[in-house]
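This report concerns only the one structure given below.
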Amino acid sequence: MLEELDIKNFALIDTAHVEFGKGFTVLSGETGAGKSILIGSLAFLLGGKSGVEQIRTGTSEAQVCGTFLVEGSDALSWLDEHGIEPEDGRILVRRIIRDSGKSSAWIGGTPVTKADLLDFASFLVDIHGQHEQQSLMKVSEHRRYLDIYADIVGEVRNFTSMYSDLVEKRKLLDSLNTNETERRNRIDMLSFAVEEIDSAKLKPGEDEDLEAEESRLSSYEKLFGDIEEICGAFSGDDSGSGLGIVSMLHRIGATVSHAASMDKSLEALDGRIQSAFYELDDIGEEFKHYRQTLVFDPEHLAQVQDRLELIGKLKKKYASSTRSPISEILDYRNRAEEELSSLTDSGRDREGLEKSIAEAEKNVYVAAKQISAKRKAASEKMSAAIEEILHKLGMKETRFRVSLSEKAGDQMTQKCGPYGMDDIEFLISANPGSPLQGLAKIASGGELSRVMLAMKTVLSGADMVGTLVFDEIDTGIGGEVAVSVGDHMKKLASGKQILCITHLASIAVYADNQIKIQKGVDGSSTSTHVFPVEGEERVKEIARMLSGDASSEASLEHASAMLKKFGGM
């Protein structure tokens, strides 16, 4: 259950703190006041769409926090699996969107991904708006609703896994049954590739070492000249007329030592000079040793170049480019060997695979029949339950059916898809004498809203979600129908927390709590304010919803009478 919602710099809302109670809560306000912004902030908090346009103008980030009383076992299990502990049975959820476009979320102080947030939120709140209402128009969604009602979602998920395994086995058999000539050609090609790569005896990183060696050997004369010059600089020329770096530094060191004997403050510099002398002397010796190892070997250079040419040819054939690492060639070789093994063993594997497919087909068919039987039993109950609710919601002559038909096919294809053997569609007849037709044929948005309300009602007992949110549920209805919708939502709220945006007083009077959303203008700034209305203030709000006038005596009397009759004031 949602207990508190704190909003900061979200859309038109500067700051808002809203407390929610149990039962039925309506959100009301004039058109354009920002009622949907409040629901939008809740949807954002629970992992919905995030974007910089949601940040209030002039600010750098928007933040929404919600406190939830966690009652469902699924939600508690999720928290336990992720090492998050609620406090006093409550959990704080927080989400931020920054002007950089990045969003962050926390559950109970633990940073979570958007996927984790959506997963956890599915146990807390179910938001119904115009978008979800449109899902009723998609026949592909009807199967999902029926499976939730029948409490077979897990069973269908397992079936889907079985079916996918069967499909993969069939694909493998098809590949094994490919034209034998093509199979042999493929074996020959892969065998040649493996043999060619193996004969090259490649080593990871070998090409980089060879390229470095080729560069050194092909630049021998320039390199030797540079080393000669360096060695000369260190040791001086052979005639003795010039001092090398080491000899010069030695002479300077002696002079510095003499100076330091007269002035102790120079001892540190003397030490540094001595260290530099020994370091440079060692470096000079290293260069002399390196000069002795420099040998021009044209035959070795040719071998290096031949090896690089071979590696280049292999890269052209088996890697993505000539600049790719040798590991790509070796990866190709390993994949080729695996495919070779599969193709070579295909004759032996085919018979065993065919037996495995036959067994899998049998298991899939049996499982599909069991699921279908459960769907059929549930469809009859679901049809009757929804039809009964629709009658109470003012659609007294309406007939509603959950239609099941077997998929086309034969025993060979098992008449199955990834979710079973049933084609499922919701059919409705809103007028006496009219045939049952698909929901897409419904012209009235009000009728579709009531079908969704009935759907949510019958599904409410099949899950542990504690809060249902309805946005635009009153589209296209009014009068007695609105009264029946309000009465129905009041009853639905006996087992769930219900939040509903409405502009109809005949729905609002049934609520246990009412929250008003109001737009205000301060200079050039527009803000949305959220606050509860009780007592006389609620009477005024109901009066405004009735007639647009919150001050006329007739409207106030009418509002007061409705609240006493339907709301228990």
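The values are calculated or read from the model by the stated rules, or taken from the named source; none is laboratory data. Just so it is clear, the model here is predicted, and its values are computed rather than measured. Cβ: placed from backbone, ideal geometry, glycine included. Neighbour counts: every protein chain shown. SASA here: full protein model, heavy atoms, side chains in, ligands and nucleic acids out. Shrake-Rupley method; radii C 1.70, N 1.55, O 1.52, S 1.80 Å.
Dividing the mean sequence gap of close Cα pairs (under 8 Å, 6+ apart) by how many residues the chain holds gives a relative contact order of 22 percent. Distance between the modelled labels on S460 and D209, one decimal in nanometres: 7.4 nm (7 Å Cα→Cβ projection). The separation of region 541-565 from region 373-434, counted between C-alpha centres, amounts to 43 Å.
To the nearest ten degrees, helix 479-492 and the longest principal axis of the Cα atoms of the chain are 60 degrees apart.
For the chain, the residue among C416, A62, I273 whose Cα projects farthest onto the positive side of the dipole built from Cβ charges is C416.
Computed extension length for R335-E87: 84.0 nm, one decimal, from 0.36 nm per residue of separation with the Cα-Cα distance subtracted.
V194 sits among other residues whose Cβ lies under 9 Å from its own Cβ, and their net charge, with Lys and Arg +1 and Asp and Glu -1, is -3. Given their separation in residues at 0.36 nm each and the Cα-Cα distance between them, H300 and D282 gain 3.4 nm when the chain is fully extended.
If R0 is taken as 56 Å, the Cβ-Cβ distance between D549 and S73 corresponds to a FRET efficiency of 0.70. Apolar share of the accessible surface for the chain: 51 percent from carbon plus sulfur atoms, 1.4 Å probe. When +1 charges are put on Lys and Arg Cβ atoms and -1 charges on Asp and Glu Cβ atoms, the dipole computed for region 358-399 relative to its Cα centre reaches about 80 debye. Judged by the gyration tensor of its Cα atoms, with axes a ≥ b ≥ c, region 97-223 is oblate; a/c meets the 1.5 cut and b/c is at least as large as a/b. Taking 18 Å as the straight-line reach from the Cα of K313, the aspartates and glutamates in range (excluding those fewer than 8 positions away in the same chain) are E195, E196, D198, E206, D207, E208, D209, E211, E214, E328, D331. Would you mind classifying region 493-532 by shape? Square roots of the alpha carbon gyration tensor eigenvalues, ordered a ≥ b ≥ c; an a/c under 1.5 is rounded, otherwise it is prolate if a/b is larger than b/c and oblate if not. Prolate, since a/c reaches 1.5 and a/b exceeds b/c. So for the chain: antiparallel DSSP bridges make up what percent, rounded to the nearest 5? Bridges in the chain are about 75 percent antiparallel. Among the protein heavy atoms, those of T59 account for about 50 Å² of accessible surface (1.4 Å probe, every chain in place). Summarising the overall dimensions of the chain from its C-alpha atoms, the Rg and Dmax are 39.7, 123 angstrom. Put a plus charge on the Cβ of each Lys and Arg, a minus charge on the Cβ of each Asp and Glu, and nothing anywhere else: the dipole of the chain about its Cα centre is then about 3220 debye. So how far, in whole Å, is the C-alpha centre of region 275-354 from the one of region 148-164? That distance is 51 Å. Would you grab the residues whose amide H sits under 5 Å from the one on K519? Only those 5+ places off in sequence or on another chain, please, with H modelled 1.01 Å from N. Here H529 satisfy the definition. The modelled label-to-label distance between R98 and R216, using points 7 Å beyond Cα along the C-beta direction, is 4.8 nm. For region 359-418, the pair-distance distribution built from all alpha carbon pairs, in bins 10 Å wide starting at 0, is 20, 36, 22, 15, 6, 0 percent. Calculated FRET efficiency, L436 to E557, Cβ-Cβ distance, R0 = 35 Å: about 0.15 to the nearest 0.05. Temperature 10 °C, viscosity 1.306 mPa s: under these conditions the Stokes-Einstein estimate for region 56-104, based on its Kirkwood radius over C-alpha pairs, is 126 µm² per second. Values of log10 I(q)/I(0) for region 1-119 across q = 0.22 Å⁻¹ run -1.30, by the Debye formula with one identical scatterer at each alpha carbon and no solvent. Per residue, the accessible area of the chain comes to 53 Å², computed with a 1.4 Å probe over protein heavy atoms only.
For region 291-333, the gyration tensor built on C-alpha atoms gives a prolate shape. Its axis ratio a/c (a ≥ b ≥ c) is at least 1.5, and a/b is the larger of a/b and b/c.
The spread of Cα positions in region 213-329, taken along each principal axis and listed from longest to shortest, comes to 75, 34, 15 Å. When DSSP beta bridges are restricted to pairs lying wholly in region 443-555, around 65% turn out antiparallel. With a simple spin-label model that places each label point 7 Å from the Cα along the Cα-to-Cβ direction, the separation between A384 and E267 comes to 10.7 nm.
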